[in-house]
1. I'd like the Karplus ³J(HN,Hα) series for region B:339-347: coefficients 6.51, -1.76, 1.60, θ = phi - 60°, whole numbers in Hz, and an x wherever there's a Gly or Pro.
2. What is the angle, in °, between the Cα long axis of helix A:3-14 and the longest principal axis of the Cα atoms in chain A? Nearest 10 is fine, range 0 to 90.
3. Using the per-residue mean of other Cβ atoms lying within 10 Å as a proxy for protection, in what order, highest first, do the peptides B:73-84, A:152-163 fall?
4. Calculate, in nm to one decimal, what B:GLN153 and B:ASP87 gain on full extension: separation in residues at 0.36 nm each, minus their alpha carbon distance.
5. Counting protein heavy atoms only and a 1.4 angstrom probe, how many square angstrom of accessible surface do chains B and A bury in total, to the nearest 100?
6. Once amide H atoms are built 1.01 Å from N in the peptide plane, which residues 5 or more positions from B:ASP73, or in another chain, come under 5 Å H to H?
7. Between A:THR42 and A:ARG199, how many nm apart are label points set 7 Å from Cα along the C-beta direction?
8. Would you please give the residues with an amide H less than 5 Å from that of A:GLY30, counting only those at least 5 places away or on a separate chain, with H modeled from the backbone geometry?
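The values are calculated or read from the model by the stated rules, or taken from the named source; none is laboratory data. This structure is a prediction, so every number in the text was calculated from the model and none was measured. Here the Cβ is made from the backbone with ideal geometry for all residues, glycine too, and neighbour counts use every protein chain on show. The accessibility values were calculated without ligands, DNA or RNA, using every heavy atom of the protein model including side chains. Shrake-Rupley method; radii C 1.70, N 1.55, O 1.52, S 1.80 Å.
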Amino acid sequence: MNARRLIPLIFLLCLPHPVRCATQMEADLGGFMHQITLRRDTTVTRIRQWVSPLQIRLPLAGGALDIQTALMYVAQSGASSEEVWGPLNTRFAGTWKLGRRALISLHASLPTGKRTLDAQSAELLRTLARNDLNFPVRTFGDGLDIGTDLSLVRQSGHLSLSLGAGYTRKGAYDPVAGATNYKPGDEATITVGLDYTWRRLVYRVSAAGAHRLTDRVDGLAVFQNGKQILVQTGVYYEGLSLRLQAEIVDIVRMKNRLLDHSLFLYEFRDSNGNDLRVHLKANWSPIRILALFAEANLKHITANTYPVDSPLYQGRARIWGAGGGMAITLGKARLSFHITRQDGSAVDRTVLFSTHNYRGTLSLAF
Amino acid sequence: MKNCTRFIRRLPVRLTVRAVAALLTAAPLAGCGGSHRLAQIPKAQLAPVFAVPSASDPAKLQKSAYAHYRRGDYVRALRDAYGAARDASPDFRLPVLIGLIYDTGFDRPDLAIPEYRQFLHTPPGGKYVRRLQQRIHYLHRLAQERETTLALQPGAPSPLQTAPFAVYPLQQAGPRQPEPGVEIGLLDMVFHGLGGPADTSHTDAIRPHLLRHAFQSAHSDATPDAFSRWVGASATLTGSLIDLGAHRVQIVLRVFDTEGRLSHTGQPITGSLSDLRALYHALLGSASEGLDIPLPSPLPEPDIPSPLPLVLYGQALEDYLSGRLSDAHRRLADAGRLAPDSHLIADAQERTEQELAETSGDHAMADVYRDMMALPDPSEAMERRLQATHTLAVPPPSALTGAESLQPYKPSRPEVTP
């Protein structure tokens, strides 16, 4: 495109239009690259994850319907090489307000993602799924999942109190070659939350409890994930041009249940580590079309309760990092860039790693 | 500026945005903004009051309105407040500010009440709603006093034209001085027993007494017939009371029509205050006959069952009407202890307590508004909380955010532990 055509286009884009509006269609197109370099003794392994997501938001019956999908490419280099790529599941999520005090959502995840992985690809995906390595996307997707969630709120003076409940029915799928008709357990979630707002400051406490039913293979119960409790607390400042956020999240996971010698029992020790996450974020918009943001985060994963010499032992891990970015709004278009650098250690510091995350998104309103 | 303030104080109608615009145009014609005291006026107030507000942002206009209010510049305060009210979704506290300007700036309780009431429909609730309800009660009383004062002006319409009947205290007859309070206490019980108040609110129950008191204060030679002509109710119930001694009384009820003519004189009723139930039922019967109002069936029990609390109630009512709130409150507290089930005493006690609390309330209301500014916009706060809860239950896919999801991923576990 030459400059003569570009100038009127930029002029048109600069005309003021509200980007966020429930009555118009919006699209987000972008991509990110997440690279992690792992060092164990003298062995260096590098894994790169490329993801290109697409989201379309449509106004629907007074609410909004989001359609989200993505392509992912993962490559490992170093001691061994492996790569895998394919589409992720496609998610449909509709959200509607019921009056002023309730929000209902219906969501479905269609199994368009790559499945029935071969042994090497499955091994690479298992690395991606590790909680201590912090990959943004950890699977190509599961089966056909359908769920709903209802949230209610009550306001009194400075206090806002909310209560939510959700249920997701998980569909069967074939996660790896040879393991067919694997049906993950359905998931029920209850959330409660309290906001105390004083002028532009919001103090928040939220909690979510998740209960997962049993995973089955060909109808046989094989595993049940432990109950999970998430507690989130934070302070938020919402100024006209400056927004600050400081948030702490603690995630506690309890014992799993396993099929052991024909008996479906709770595991002897809790094999799940717990998460403690701290997240700081600042967003400053000096002029209407420009926003600058910076963030820092820390994640600590505790070791599980198995002894160090046990094959089920999972050591503690810690990840910390910082990043920043900017967003430019030109008329109905919004372009944002984000860079994050993280360092960390896993398995009781026997593995050291560093990550880089580069992200860009173009949002358009029609 | 004070002239402008007086000008608005005298206005008989509620101001609208257009009315304020017209008022600001007409104010100089009414002698507002005279230059004789220009030197005393702060520089910030010398800007033309009729100019379009410099700020267009509703939040800034509202802030400016409050700043003008704090400086005592109520006209500019009202102008900016109405400017802010033009916004499509004005701040939920704006009606309180407008009410505050009318209430404590212009002494217009009648205009402040609807503004304060608007806030009661918003969901922040809690102590602010209770505080405003208390203020509204108090303002109702002030508004009624204002209406009464206006009604006493020559040529003003009759204040109780639509009421079925009004009451005027029993006149003393005979050589003995009856216990003060009996004459109004008995009649007030009859008034309520026959459904005199238009509804059960405090303010309507007290209004006929306020009117009667204002009339008696304005006319030292006030008579029941003159009162009935002025008040304009279909009928006015009054009568005479003779103290026979030993708690015995003789009462003759009389009814005057709207022209001040005596339309009914009841049979003399002789009874004892010690047997208040029988006396009350006899009075109800006579009043029902005179007013041509059917007797309620079954006959209601006297709300105040014994003479001492009745006397205290009647005296407290007079104290209240004369503005002696502390005395009224003390007497009602005593009466309440003697007749704990009486609704009349309980209502009067609540009304008096609220007004006592409000007597020094002008500055407190400004503090209430200032405190309210720390409140979140309820719609925004609810939306924010709903989104937070919803995001926790259904986190956005991390493929979109490029960051780790809040919920740890649960990997598949198809293998069976050996």
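1. Karplus-based 3J(HN,Hα) across region B:339-347 equals 9, x, 8, 6, 6, 4, 5, 4, 5 Hz.
2. Orientation of helix A:3-14: about 80 degrees from the principal axis.
3. Values: B:73-84: 24.7, A:152-163: 20.0.
The most tightly packed comes first, giving B:73-84, A:152-163.
4. Values: separation 66, 0.36 × 66 = 23.76 nm, distance 3.98 nm.
Value of the extension gain: 19.8 nm.
5. Working: alone 21660 and 20910 Å², together 37520 Å².
The contact between A and B buries close to 5000 Å².
6. Amide H to amide H, under 5 Å and 5 or more residues apart or across chains, B:ASP73 pairs with nothing.
7. For A:THR42 paired with A:ARG199, the spin-label model returns 6.1 nm.
8. A:LEU362
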